[in-house]
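See below for the structure under consideration.
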Amino acid sequence: MQEEHIPVLLNETLELLSLGIGEKVVDCTVDGGGHAAAMAQIIGTSGRLVGLDWDQDLADYATKKFSKTPQVSIVHSTYTKVADVLKSENFGKADGLIADLGFSSWQLLGGGGFSFEKDEPLLMTYDKDEPPAAKLINELLEKDLADMIFTFGGERKSRLIAKAIVFERRRERILTTGRLVQIVSKAVGGGYERGRINPATRTFQALRIAANRELENVEKLMSDLPGVMNKGGRVAIITFHSLEDAIVKKSFAEMEKNGLGKRNPKKPVSPTHSECRKNPRSRSAKLRGFIFNK
């Protein structure tokens, strides 16, 4: 955990959540603890914060980080189980909840197969007990592989890539990121996107989303929100991918239509130019919020 953690849209998130002293808040993706630290300071020792992370290493890091912050409890769990976690923690319902759906910059450096710039085992899962991404690469039918790369990665050359993967895995199973990068790069040919991005960028994104069932998980979280929030509770969701954002947008609109509360704000909030310069990974972030009726 050497790289500094920079929370995305921090001030905008805090403004949206509008927390007060003594309130209860949930951080569904505690990561490096940037958002959690700021929220813990606002709610004070009379408040309570439960932070979740599916990645054991990040949960352990956050546990140490907040070991002297009595109002903070860290739980190694996926946010799809937030209702169960809050019940087991005797937390009651939340006044505020945040979910930052981006994957951690630390995970790129942690040897988990998330980076296409290193040659590592092709794992790419937040929970090490989950089946590795290599299982998808080596076992999906060619059509399903192409559909996955196109749908989750927006890769226009998905069929060429899938065909190359299937051809190469017949010779030998694909078990490392380095070999997958070589296969993808050869399949798409030179001059890919005029050199603006690595040829494997979209394939890796698609594989990460599929291996971790990220879209299913977001849908589960959104369906659980009404049951875990207090009256007047505020929710902040930060997405980095159009498919995730579409799920959040639709869910908030449906909750508003059903009379549960209102979207706040109506339109998503994006990072300022200044934040994007300081933290380039924030460029694709979108913040959406919801306030439940009092």
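None of the figures in this text is laboratory data; all of them are computed from the coordinates on show. What you see is a predicted model, and the numbers here were worked out from it, not measured in a lab.
List of remarks:
- Flagged links, alpha-carbon separation over 28 Å, of K64/K135; K87/K286; K81/K128; K24/K249; K118/K267; K64/K231: K64/K135; K87/K286; K118/K267; K64/K231
- Calculated [222 nm] ellipticity per residue, helices only, for the chain: -13500 deg cm²/dmol; basis is -39500 (n - 2.57) per DSSP H run with n ≥ 4, divided by all residues, nearest 500.
- The chain, relative contact order in percent, only Cα pairs under 8 angstrom and at least six apart counted: 18 percent
- Around the amide H of L122, modelled in the peptide plane, lie the amide H atoms of T176, T177, all under 5 Å away and 5 or more residues distant in sequence or on another chain.
- For the range 131-211, the alpha-carbon radius of gyration amounts to 0.97 times the rule-of-thumb value 2.2 N^0.38 Å expected for a compact globular protein.
- When the Cα gyration tensor is reduced to axis lengths a ≥ b ≥ c, the ratio a/c stays below 1.5 for the range 1-93, which is therefore classed as rounded.
- 3J(HN,Hα) along the range 128-139: 5, 7, 7, x, x, 4, 4, 5, 5, 4, 8, 10 Hz, from the Karplus curve 6.51 cos²θ - 1.76 cosθ + 1.60 with θ = phi - 60°, whole Hz, x for Gly and Pro.
- The range 27-61-the range 158-200 distance, computed between alpha-carbon centres (Å): 38 Å
- Correct choice for semi-axes √(5λ) of the Cα gyration tensor in Å that was computed from the model, options (i) 35, 20, 18; (ii) 29, 21, 18; (iii) 70, 18, 15: (i)
- Once backbone amide H atoms are built at 1.01 Å from N, G51 has D27, S73, I74, V75 as its partners under 5 Å, excluding neighbours fewer than 5 places away on the same chain.
- Residues whose amide H lies under 5 Å from that of G233, counting only those 5 or more places away or on a different chain, are F292; hydrogens are built 1.01 Å from N in the peptide plane.
- Relative contact order [Cα under 8 Å, 6+ residues apart], the range 131-211, whole percent: 41 percent
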